[in-house]
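Report on the following structure.
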Protein chains: 2
Amino acid sequence: MSVIKVAILGFGTVGEGVYRTIQSHSDELSAVLGKKVEVAAILIKNKDRKRNIHDEVFVTTNFEEILQLPQLDVVVEAIVDKEPAFTYLKNVIQRGCHVITANKEMFAHHGKELLELAEKNSVSVGFEATVAGGIPVIQTLRQLLKINRVQQIEGILNGTSNFILTEMREKKQSFEESLLQAQENGYAEANPTNDVEGFDAFYKTMILSQIAFGVEPEWDEVEREGITSITSELMETAGKIGLKFKHIASLINEGNQVKASVKPVLVGSEHPFYHVEGVENAVAVHSDLVGRITLQGPGAGMFPTASAVIEDLVYVCQSSSSKKLTVKTSSVLPNQHKKIKYWLVQGLIPHNCPPFISLEEEIGEGIFVVKASKDDLNHLEKQQTAIRYFSIEGEFQSKIVSKESVTVN
Amino acid sequence: MSVIKVAILGFGTVGEGVYRTIQSHSDELSAVLGKKVEVAAILIKNKDRKRNIHDEVFVTTNFEEILQLPQLDVVVEAIVDKEPAFTYLKNVIQRGCHVITANKEMFAHHGKELLELAEKNSVSVGFEATVAGGIPVIQTLRQLLKINRVQQIEGILNGTSNFILTEMREKKQSFEESLLQAQENGYAEANPTNDVEGFDAFYKTMILSQIAFGVEPEWDEVEREGITSITSELMETAGKIGLKFKHIASLINEGNQVKASVKPVLVGSEHPFYHVEGVENAVAVHSDLVGRITLQGPGAGMFPTASAVIEDLVYVCQSSSSKKLTVKTSSVLPNQHKKIKYWLVQGLIPHNCPPFISLEEEIGEGIFVVKASKDDLNHLEKQQTAIRYFSIEGEFQSKIVSKESVTVN
């Protein structure tokens, strides 16, 4: 039986998960591919650290040595940061290897370039692990929804943020306390900026945009907001009318361009993400034929992420040539900024409110549910600069039994 | 540009949806396949009925005329009942055409035979539409989870039953009233037996078993129960402790054999199906690497089902040869019948209860939450023949604030 030789760049959680899975699932890999999959080399940073790697695997801190291996078929990249990951992958593609990456920041910045380079060199790029961990979102969009016109995608793409929001709500604790908990559980880094300020979700959203629509919005036009401004008090008030805060990435196809946002919004119990709690991820794809499909599962973790990489490994080895991004003709939704919908507005001064903002209900002191368009609220914000507003997804129905029952803590 | 000629057998909801989608999405089909897709012929039952079909399409009541068309590449079968659908498909496969079916009863009975025949004739069989309508469950298991060892699959596979259960609970109305509502909405047939007695979900479960595990359980060993025995009173009592009835198909790999059941069970809010309401379908796949992935979406309807057929059309046209069912080595779960878990038991006489049944809580008159194994309950049933029991999925935590608040209506 011939052999597929794999190199793994990086031996952190993802790299180690991939290595261990190639050992534990070698029978399945051989059965599906008709070839034995073998880890030929692993690139590490620190040579002194003790690692559980078989002796026959070539372990090195020098990438050049991996590039010069006599046989190399697939390179799995599981490093962080854009560089040197991008340079490494360009090199291996030019050598004629398939590549699989779990690096969302690098891929959001350089994915297009890598895919073009891969096409020129007749190899494939797998990047399922860059978005939503083990949930096969990329392949579902790419392989299973080829004919459906995707209109909109929503996602809970950052498990850390979702975990923090869940903790804050369930335990009525502050953002800081919940972040600490996330760090203790290994869900958040010592520097949590990428997660809690929405950068991680932003990169994933841009990758999804390329896959679903063939284009990306201008990065600086994307509304990106993290979860740091949400207080447990605001959360509790929203909860009184049956709403939960969720950090949601949204992509909408508006004809000539894709509109994107990555921010906390409020959802009611009819929304598919209302019940997505803890570190889970979820993606809802709205398309013209099938309607709304929701995929939910683990967004991170050693084996879920390794699963995405390994399933990609099968995919790239079975594809004889590079799969290019399909630019799809998609259905168009009307301009979302003019759409009248429900919002939760904090710090609103009601007697000073313009007539195009319809005040539906005061649910806490200075906290109102209003009916207005995004444009209307932008207009109001110029007059009342202290307000903050959050979109309420779907239909709003007051869950308050009597006004008296509402108090603001 | 060369042409792919398609014949559609049957022009009910599914057949018409496929026909209309081939027209409306012809650009996407050409772009993906590099060939024009054309409906060459449609098989109908009643020649006198007025239908919205273009003049150039050959419409006939005689299948033989379709079989003798000079060019025929793909046949979409959207009829009900096992026969003559099975015979038709055998004929077209032998002619060398790919086939796509939406007929779960036929496919559950004869799928294996069709797939073997297709392999001999080097054509493909698409059957995504047989399970969970527009949700790409079959292809996710087949294409995206090739290396994961699937341990367990659960599904809400019958939208009609789920709709009836949702209506009964939300509107506190009887099974009969809710069934009538389902019939008025077009979700249930005049003869609802297939849906409400669990046959439809059973067929789908057997198809899933083949895909996930390569084998099926003995059909007559599968516990199959519909929803007709559930009363709205029982539902309300369960609701008091935070549980909902869902009609769930379950497949568990127990080593040498696959255990299946299709029956109403009770789930709490942490279960992925607790929030799946109305005609929606959902499938949760538990596998060793990725953990639990849940797919949710429309289980029926003209365009969701057409979507599944059309995406299959792309799949079979892109596959040069037949895809055979993969027999996978799967992880094994321990014997479920010995596992101690929570159950809701109706009609229990507590003072006569054997010591291995732990009575946790009386939640209504003669309705108890107990902790026991399936074997224990089978044993109890021999002594107290009037009991009925339902599995409580996941962990049980009493949601009753005080005992006094529980009354049985």
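Are any of the residues in the stretch A:234-243 open to solvent by less than 10 Å² (accessible area, probe 1.4 Å), small (Gly, Ala, Ser) and within 14 Å of another protein chain (Cβ to nearest Cβ)?
No, every residue in the stretch A:234-243 fails to be open to solvent by less than 10 Å² (accessible area, probe 1.4 Å), small (Gly, Ala, Ser) and within 14 Å of another protein chain (Cβ to nearest Cβ).
Restricting to the stretch A:142-151, and then to whatever is more than 8 Å from chain B (Cβ to nearest Cβ) and open to solvent by 10 Å² or more (accessible area, probe 1.4 Å), can you tell me which residue is nearest to A:Met106 (Cα to Cα)?
The initial filter retains those residues of the stretch A:142-151 that are more than 8 Å from chain B (Cβ to nearest Cβ), namely A:142, A:150-151.
Adding the requirement that they be open to solvent by 10 Å² or more (accessible area, probe 1.4 Å) leaves A:142, A:151.
On the way: A:Arg142: 20, A:Gln151: 26 Å.
If we take residues in the stretch A:142-151 being more than 8 Å from chain B (Cβ to nearest Cβ) and open to solvent by 10 Å² or more (accessible area, probe 1.4 Å), then A:Arg142 is nearest to A:Met106 (Cα to Cα).
Just wondering, is there one or more residues in the stretch B:110-131 that are without any contact (Cβ under 8 Å) to a residue 40 or more places away in the chain and crowded, with 23+ Cβ neighbours inside 10 Å?
Within the stretch B:110-131 (the criterion being without any contact (Cβ under 8 Å) to a residue 40 or more places away in the chain and crowded, with 23+ Cβ neighbours inside 10 Å), the answer is no, since none of the residues qualifies.
Does the stretch B:23-56 hold any residues that are surrounded by fewer than 16 Cβ atoms within 10 Å (Cβ to Cβ) and touching a strand residue (DSSP E or B) at 6+ places or on another chain (Cβ under 7 Å), and which are they?
B:Ser26, B:Ser30, B:Lys35, B:Lys36
Being more than 20 Å from B:Phe107 (Cα to Cα), among the hydroxyl-bearing types (Ser, Thr, Tyr) and either more than 13 Å from the chain's Cα centre (by Cα) or buried (at least 20 other Cβ atoms within 10 Å of the Cβ) (or both) narrows it down to one residue among B:Thr231, B:Thr205, B:Thr193; which is it? Write out each step before concluding.
Working: B:Thr205 fails: more than 20 Å from B:Phe107 (Cα to Cα); B:Thr193 fails: more than 20 Å from B:Phe107 (Cα to Cα).
On inspection, the qualifying residue turns out to be B:Thr231.
For the stretch B:1-12: of the residues being farther than 28 Å from A:Ala212 by Cβ and open to solvent by 50 Å² or more (accessible area, probe 1.4 Å), which is farthest from the chain's Cα centre (by Cα)? I'd like the intermediate steps shown before the answer.
So the first thing to find is which residues in the stretch B:1-12 are farther than 28 Å from A:Ala212 by Cβ, and the list is B:2-3, B:5, B:7-12.
Okay, now just the ones that are also open to solvent by 50 Å² or more (accessible area, probe 1.4 Å), so B:2, B:5.
Details: B:Ser2: 37, B:Lys5: 30 Å.
Of everything passing the filter in the stretch B:1-12, B:Ser2 is farthest from the chain's Cα centre (by Cα).
Could you tell me how many of the residues in the stretch B:87-140 are within 14 Å of chain A (Cβ to nearest Cβ) and of a type in the set (Val, Ile, Thr)?
Total meeting the criteria: 6.
Could you list, in sequence order, all residues of the stretch B:280-317 that are in contact with a Pro (Cβ under 6 Å, 6 or more places away or on another chain) and either in contact (Cβ under 8 Å) with a residue 24 or more places away in the chain or buried (at least 24 other Cβ atoms within 10 Å of the Cβ) (or both)?
Keep residues of the stretch B:280-317 that are in contact with a Pro (Cβ under 6 Å, 6 or more places away or on another chain), which gives B:284, B:290-291, B:294, B:298, B:304.
B:Ala284, B:Val290, B:Pro298, B:Pro304 - these are the residues of the stretch B:280-317 that are in contact with a Pro (Cβ under 6 Å, 6 or more places away or on another chain) and either in contact (Cβ under 8 Å) with a residue 24 or more places away in the chain or buried (at least 24 other Cβ atoms within 10 Å of the Cβ) (or both).
Would you say B:Val401 is at pLDDT below 85, of a type in the set (A, V, I, L, M, F, W, C) and exposed (fewer than 14 other Cβ atoms within 10 Å of the Cβ)? Talk me through it step by step, then tell me what you get.
On the way: at pLDDT below 85: yes; of a type in the set (A, V, I, L, M, F, W, C): yes; exposed (fewer than 14 other Cβ atoms within 10 Å of the Cβ): yes.
Answer is yes for this residue.
State whether one or more residues within the stretch B:178-186 are more than 30 Å from B:Thr231 (Cβ to Cβ) and hydrophobic (A, V, I, L, M, F, W, C).
Restricting attention to the stretch B:178-186, the residues satisfying the condition of being more than 30 Å from B:Thr231 (Cβ to Cβ) are none.
The answer is no; no qualifying residue exists.
Applying the selection to the stretch B:247-304, what residues are facing chain A (nearest Cβ under 9 Å), in contact with a strand residue (DSSP E or B) (Cβ under 8 Å, 6 or more places away or on another chain) and not in a strand (DSSP E or B)?
Of everything in the stretch B:247-304, those that are facing chain A (nearest Cβ under 9 Å), in contact with a strand residue (DSSP E or B) (Cβ under 8 Å, 6 or more places away or on another chain) and not in a strand (DSSP E or B) turn out to be B:Pro272, B:Tyr274, B:Asp288, B:Val290, B:Gly301, B:Phe303, B:Pro304.
Please verify whether A:Gly111 is part of a helix (DSSP H, G or I) and under 20 Å from the mean Cα position of the chain (by Cα), treating the condition exactly as stated.
Numbers: part of a helix (DSSP H, G or I): yes; under 20 Å from the mean Cα position of the chain (by Cα): yes.
Here the answer is yes, as A:Gly111 does meet what is asked.
Which of the residues spanning the stretch A:340-379 are within 34 Å of the chain's Cα centre (by Cα) and assigned to a helix (DSSP H, G or I)?
A:Lys374, A:Asp375, A:Asp376, A:Leu377, A:Asn378, A:His379
Considering A:Glu270, A:Glu277, A:Glu225, which residue is within 19 Å of the chain's Cα centre (by Cα), over 16 Å from A:Phe390 (Cα atoms), of a type in the set (D, E, K, R) and surrounded by fewer than 23 Cβ atoms within 10 Å (Cβ to Cβ)? Walk me through it before giving the result.
Numbers: A:Glu270 fails: within 19 Å of the chain's Cα centre (by Cα); A:Glu225 fails: over 16 Å from A:Phe390 (Cα atoms).
Unique residue meeting the criteria: A:Glu277.
The conditions are (1) touching a strand residue (DSSP E or B) at 6+ places or on another chain (Cβ under 7 Å); (2) over 22 Å from A:Phe303 (Cβ atoms), and A:Ile100 fails exactly one of them. Which is it?
Checking A:Ile100 against (1) touching a strand residue (DSSP E or B) at 6+ places or on another chain (Cβ under 7 Å); (2) over 22 Å from A:Phe303 (Cβ atoms), the one that fails is (2).
Among the residues of the stretch A:60-89, which ones are open to solvent by 40 Å² or more (accessible area, probe 1.4 Å) and closer than 19 Å to A:Gly12 by Cα?
Narrowing the stretch A:60-89 to residues open to solvent by 40 Å² or more (accessible area, probe 1.4 Å): A:61-62, A:64-65, A:68, A:70-71, A:73, A:79-84, A:87-88.
A:Thr61, A:Asn62, A:Ile79, A:Val80, A:Asp81, A:Lys82, A:Glu83, A:Pro84, A:Tyr88 - these are the residues of the stretch A:60-89 that are open to solvent by 40 Å² or more (accessible area, probe 1.4 Å) and closer than 19 Å to A:Gly12 by Cα.
Can you tell me how many residues in the stretch B:305-323 are more than 8 Å from chain A (Cβ to nearest Cβ), in contact with a helix residue (DSSP H, G or I) (Cβ under 6 Å, 6 or more places away or on another chain) and at pLDDT 90 or above?
Summing the residues that are more than 8 Å from chain A (Cβ to nearest Cβ), in contact with a helix residue (DSSP H, G or I) (Cβ under 6 Å, 6 or more places away or on another chain) and at pLDDT 90 or above in the stretch B:305-323 gives 4.
Name the residues in the stretch B:92-108 that are without any contact (Cβ under 8 Å) to a residue 60 or more places away in the chain and open to solvent by 50 Å² or more (accessible area, probe 1.4 Å), would you?
B:Gln94, B:Arg95
Within the stretch A:28-46, is even one residue polar (S, T, N, Q) and within 14 Å of another protein chain (Cβ to nearest Cβ)? Break it down into steps so the answer makes sense when it comes.
In the first step, residues of the stretch A:28-46 are kept if they are polar (S, T, N, Q); the result is A:30, A:46.
Next, only the ones that are within 14 Å of another protein chain (Cβ to nearest Cβ) stay: A:30.
There is at least one residue in the stretch A:28-46 that is polar (S, T, N, Q) and within 14 Å of another protein chain (Cβ to nearest Cβ).
If you go through the stretch A:152-161 one residue at a time, do you hit one that is open to solvent by 10 Å² or more (accessible area, probe 1.4 Å) and within 13 Å of chain B (Cβ to nearest Cβ)?
Yes; the residues of the stretch A:152-161 include at least one that is open to solvent by 10 Å² or more (accessible area, probe 1.4 Å) and within 13 Å of chain B (Cβ to nearest Cβ).
The values are calculated or read from the model by the stated rules, or taken from the named source; none is laboratory data. Bear in mind that the values here come from a model prediction, so they are computed numbers and not experimental data. No Cβ is skipped: glycine too gets one built from the backbone with ideal geometry, and neighbour counts run over all protein chains shown. Heads up: the accessible areas ignore ligands, DNA and RNA and are worked out on the full protein's heavy atoms, side chains in. Shrake-Rupley method; radii C 1.70, N 1.55, O 1.52, S 1.80 Å.
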